[in-house]
1. Give the distance, in whole Å, between the Cα centre of the range B:120-199 and the Cα centre of the range B:330-357.
2. Efficiency by 1/(1 + (r/R0)^6): what FRET value for residue B:314 and residue A:136, r their Cβ-Cβ distance, R0 = 30 Å, to the nearest 0.05?
3. When DSSP beta bridges are limited to those with both residues in the protein assembly as shown, what percentage is antiparallel, rounded to the nearest 5?
4. If you build the convex hull over the alpha carbons only and average its shadow over all orientations, what do you get for the protein assembly as shown? Give it in nm² to one decimal.
5. Using only helices, what value at 222 nm comes out for chain B when you add -39,500 (n - 2.57) per DSSP H run of length 4 or more and divide by the total residues, to the nearest 500 deg cm²/dmol?
6. Two decimals is fine: what is log10 I(q)/I(0) at q = 0.11, 0.14, 0.19 Å⁻¹ for the range B:80-187, from a Debye sum with one equal scatterer on every Cα and no solvent?
7. Can you tell me the orientation of helix B:329-362 relative to chain B, as the angle in degrees between its alpha-carbon axis and the longest Cα principal axis, to the nearest 10?
8. Can you work out ³J(HN,Hα) from phi for every residue in the range B:313-321, in order, using Karplus 6.51 cos²θ - 1.76 cosθ + 1.60 and θ = phi - 60°, giving whole Hz and x for Gly and Pro?
Amino acid sequence: MATAVALEASPTGSVTPGAGEVIIKVEGLTKTYTMGDVTVRALDGVSFEVRRGELLAIMGPSGSGKSTLMNVLGCLDQPGAGTYWLDGVETSTLDDDALAEVRNQKIGFVFQQFNLLARTSALEQVELPLLYAGVRDRQARALEALAAVGLADRARHRPTELSGGQQQRVAIARALVNNPALLLADEPTGALDTRTSEEIMAIFQRLNEEQGITVVFVTHEPDIARHTRRVIHLRDGQINQDAPVPEGERLTARPIQEAPAHEAAAARR
Amino acid sequence: MNLTESIRVALRALGANKLRAALTMLGMIIGVGSVIALMSIGRGVQAGITSQIKGLGSNLLFITPGSTTQGGVRAQAGTASTLTAEDAQAMLDSGRVPQAVAVAPEAPNGGQVVANGQNTFTRLNGVTPEFLEVRNFSVAEGDFFSAEQMAARSLVAVLGANTRQTLFGDSDAVGQTVRVNQINLRVIGVMAPKGAQAQGGQDDVIYVPLTTMQTRLNRARTARGGQTISTINVQLADDRVETRQAAVENIGELLRERHRVAQDDFTIRSQEDLLQTANQITGFITLFLGSVAGISLLVGGIGIMNIMLVSVTERTREIGIRKAIGAKRRDILAQFLIEATVVSVVGGAIGIFIGAGGSRLLNGIRFGGPTAQPIQTVVSPDAIVLAFTVSALIGLFFGVYPAVKASRLNPIEALRYE
């Protein structure tokens, strides 16, 4: 299987989960939005730590501030107050270009709506972060990343020729291609059906267990959250609960199945 | 991200919307094309006039009489009758103008000419045999008159090419007789065609010996009783500025002495003076044509800016995605700047091709029938370089604002944009 070969070739190797140093540390994160006359506190003093190799979910009802938190963690947005250390670096000291470099090198971000470029092949989508990183031998690495999510045979397909699950896997390959230490996902299964969600979770679990990549994702589905080891609950911009998932409740996702014959045929057309 | 990769990204983005890219380029194509075409027409006019002035002869000075004053009103220059054939001869004989190698006085006069049952009004020009060499003319049929015929005030004539055509058509002209002011002149030669000139047709003329002109055809005299002439052509030994200046000074001194005046009653102009004046005028024409076309180039540039702004707005989400995965400000800036520059440079290149090609096609066409002056166009390399540079700069200039706008987008807001 192509996936297994790609994983063995990975330089990261296997890391014991939960034993790493602190990779994310936030203290008193606050973010307020003004909408007309109303001031909304999206984050209201959030503090927690994530260690290298953890797999954790952030849950909460809509409006609880989980997406805002993810954007701050992904260095896409700056908090109004509070501090965020990523890998020991205080991100508020970084300028726009340094933040772009952090997003490029240290973080892989997966969005609910995939956010792939239109009219661009899967291979080129995955090559983009390498392009901005100034890597020369992009194609080989991009193909490797596509193989790791089981899409080696879809490299030349454009987003419109791929199913939702396949598009999200292209997005994951794009997030992984620069070997980031941290994979952030904002409702990665929100636009997918249950079976496809399961496939995506399997990829996250495998990346976490086999490559030791720290994975943090947002979800509002309890079943999805049960695939992790730790769940943080947000409510009204504050941490409501931060607890490990009990051993007995944890789920292991089914590994990726090859796409059924009719779906593959449709995608190739 | 290096330049070649930026260009590839830009080309892909343009390729995604080919019609729009082509229409945007059309603005640049028309702008650059018209700059090249109109400038080449201006340059063509300049080249034509320059070659005409140079065709007058080499190292020439033209001396014309000053203006008359009647009742305190000064008339046009050249109206005074002060120059004589003796003035011309004195320049050579006195040895006071060593820079002069030949002189050729002219005494033109209009006249009705009858010959072969045809008649025409043409210019009669009384000249000396030296005229042929000094003014760079040549004879096509027969001969020009000799010094002997000049001294004998012979009743002979040499026809300009057009006059010959009008009077005799395809039949032989040499040996025929033309009648001017009730006097019969024998045609001894026909000039080679010289082409039209700013001062009027040089082929529409009849040359007669100066002496014949002054004694038999036109008896105008100076105030002092000399026989008047309108222009003295002086050929100088070489084209150095010092020679010219010395000659102008010497001739001025000689003529003032001969005319017994303190102030010049004549004007000395050189070929270079004529060239300078003409170049000033034609340069202005070129500039004028170029700036009219430049306006369309400017409009093309604004078209680029407009499309780039639309493009930035349309691709806000794409910019957000690129930023989210690590594109720096300068990457986005470069992408949009290069897109704008590629549009303008490619449009500019096509415009140069079309403008230069159009100018070539236009060259030699006679608007207004076969007798009209043909249009001359000169596609100069500096106009091409200028147009190309300007189009690249326009792309950069009008691309900066949209590109800066794109590069400053906040990634989160850009990603949320629908």
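Coordinate-derived values only; no laboratory data. Here the structure is a predicted model, which is why all the values come from computation and not from measurement. All Cβ positions, glycine included, derive from the backbone under ideal geometry; neighbour counts span all protein chains shown.
1. Measuring centre to centre over Cα atoms gives 60 Å.
2. 0.45
3. Looking only at bridges with both residues in the protein assembly as shown, the antiparallel portion is about 70 percent.
4. 49.4 nm²
5. Only helices count here, giving -17500 deg cm²/dmol.
6. -0.41, -0.64, -1.05
7. With both axes taken from Cα atoms, the answer is about 30 degrees.
8. 5, 4, 9, 3, 4, 4, 4, x, 4
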